[in-house]
Amino acid sequence: MDYPITKQEYDRIRTLLYQESGISLGENKQSLVVSRLSKRLRELEIDSFAAYYDQVTQDDSGGEFTRMLDLLSTNKTDFFREPKHFDYLREQILPTLEREKRIRIWSSACSTGEEPYTIAITLHEHVKNPASWEMDILASDISTRVLAHAAAGLYGEDRITTVSPDIARRHFLKGRGKSAGLVKVKPHLSKLIKFRRLNLMSDTFPIKSPLDLIFCRNVMIYFDRPTQERLIAKFHRYLKPGGHLFIGHSESLQWIKHDFTTIAPTIYRKDL
Ligand SMILES: C[S@@+](CC[C@H](N)C(=O)[O-])C[C@H]1O[C@@H](n2cnc3c(N)ncnc32)[C@H](O)[C@@H]1O
């Protein structure tokens, strides 16, 4: 059974979501909010959206806000999702860093980790002597739930069907016994990645050295144009001259002001 929602209750939830995460729901998504959150209200034995809003805002741990955000947004992701970006990393970016042997990458809305692990696999597969490189991957998301999954590096076997069997053998351990049907990312990949909770709405990020590459894929689509513009300007600041930004295939910087050079529809470069 779904709970009824008043316009005022909807507006309060929508405003909270926007202020805290930048996700813009639009004025008429009441039915989405009702269908996605009603089950949670039932679990908590709460009988109205007004009472649920109070619970979310009074939970100082932020746990219920994360729960609400996870239910209202999507965490959908895959290993080697939108593979052209990994081809570009391999073919165009890695050769330019061959002398320096140092690369810093930020997967800025990493969800359950498939994106940063795919980056780590690409680095391991395509640089000569990976041990001689300094490789740092920062993987962040606003949701502590998806980050815990990402940091565990544990997936159902069905999640790696987009990974070739050879690559899977080199980079995943196959579960046996109680863990049959599961795979775990091998330590040579996980040690390259730091997982952190970061909100893309923050004015600054704890990033000290300029980055070679930022992945910000399939999250900006939920933000309105002014929020996207502010975020893209921040990314520009954190990249090295010549550094790249990858965005999702259904996203575009076409309508926003920015200082990047467009290399391909979802690939942008900061000028030297
Ligand atoms: C659809 S997933 C994208 C995963 C991955 N980048 C990909 O393309 O496969 C979107 C992620 O953005 C995260 N997210 C939403 N708002 C955010 C914010 N303000 N700051 C950081 N992450 C956010 C969500 O928690 C979710 O995990």
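Pick out the one residue from L198, L173 that is open to solvent by less than 30 Å² (accessible area, probe 1.4 Å) and either not β-branched (V, I, T) or not assigned by TED's automatic domain parsing to the domain that holds A148 (or both).
Going through L198, L173 in turn, the sole match is L198.
Among the residues in segment 212-233, are any assigned by TED's automatic domain parsing to the domain that holds G153, away from the ligand (no atom under 16 Å from the Cβ) and at pLDDT 95 or above?
yes
If you take the residues in segment 94-132 that are more than 9 Å from the ligand (Cβ to nearest atom) and assigned to a strand (DSSP E or B), which one is farthest from G153 (Cα to Cα)?
The selected residue is R102.
Let's see how each residue does on (1) more than 21 Å from H244 (Cβ to Cβ); (2) out of contact with any strand residue (DSSP E or B) (no Cβ under 9 Å at 6 or more places or on another chain); (3) open to solvent by 40 Å² or more (accessible area, probe 1.4 Å):
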residue: P116; (1), (2), (3): no, no, no
residue: E134; (1), (2), (3): no, no, yes
residue: S143; (1), (2), (3): yes, no, no
residue: A150; (1), (2), (3): yes, no, no
residue: G156; (1), (2), (3): yes, no, no
residue: R169; (1), (2), (3): yes, yes, yes
residue: A180; (1), (2), (3): yes, no, yes
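Give segment 1-32 a look and list any residue that's within 16 Å of the ligand (Cβ to nearest atom), surrounded by 15 or more Cβ atoms within 10 Å (Cβ to Cβ) and not in a loop (DSSP other than H, G, I, E, B), or say none.
Residues satisfying the conditions are I13, R14, L16, L17, Y18, E20, S21, I23.
Scan segment 52-64 and tell me whether some residue there is within 16 Å of the ligand (Cβ to nearest atom), touching a Ser or Thr at 6+ places or on another chain (Cβ under 7 Å), of a type in the set (A, V, I, L, M, F, W, C) and touching a residue at least 24 places away in the same chain (Cβ under 8 Å).
For segment 52-64, residues within 16 Å of the ligand (Cβ to nearest atom), touching a Ser or Thr at 6+ places or on another chain (Cβ under 7 Å), of a type in the set (A, V, I, L, M, F, W, C) and touching a residue at least 24 places away in the same chain (Cβ under 8 Å): absent.
Return yes or no: is S73 open to solvent by less than 60 Å² (accessible area, probe 1.4 Å), modelled with pLDDT under 95 and of a type in the set (S, T, N, Q)?
yes
How many residues are surrounded by 14 or more Cβ atoms within 10 Å (Cβ to Cβ), more than 23 Å from I119 (Cα to Cα) and out of contact with any His (no Cβ under 8 Å at 6 or more places or on another chain) when one looks only at segment 224-252?
Here the count works out to 3.
Report the residue count in segment 220-234 for those that are under 14 Å from the mean Cα position of the chain (by Cα) and free of Cβ contacts under 8 Å to residues at least 60 places away in the same chain.
Adding up the residues that qualify gives 2.
Give, as residue ranges, the helices (runs of 4 or more DSSP H) completely inside segment 157-254 that count at least 2 residues that are among the charged types (D, E, K, R).
In segment 157-254, the matching helices (runs of 4 or more DSSP H) lie at 165-171, 225-238.
Residues being β-branched (V, I, T) and either over 30 Å from V163 (Cβ atoms) or not in a helix (DSSP H, G or I) (or both): count how many of those fall in segment 47-93.
Residues that pass the stated criteria total 4.
The values are calculated or read from the model by the stated rules, or taken from the named source; none is laboratory data. Bear in mind the structure is a predicted one, so any value in this text is a computation, not a measurement. Because the Cβ atoms are built from the backbone with ideal geometry, glycine has one as well, and the counts that use them run over all protein chains shown. For accessibility, only protein heavy atoms count, side chains too; no ligands or nucleic acids. Shrake-Rupley method; radii C 1.70, N 1.55, O 1.52, S 1.80 Å.
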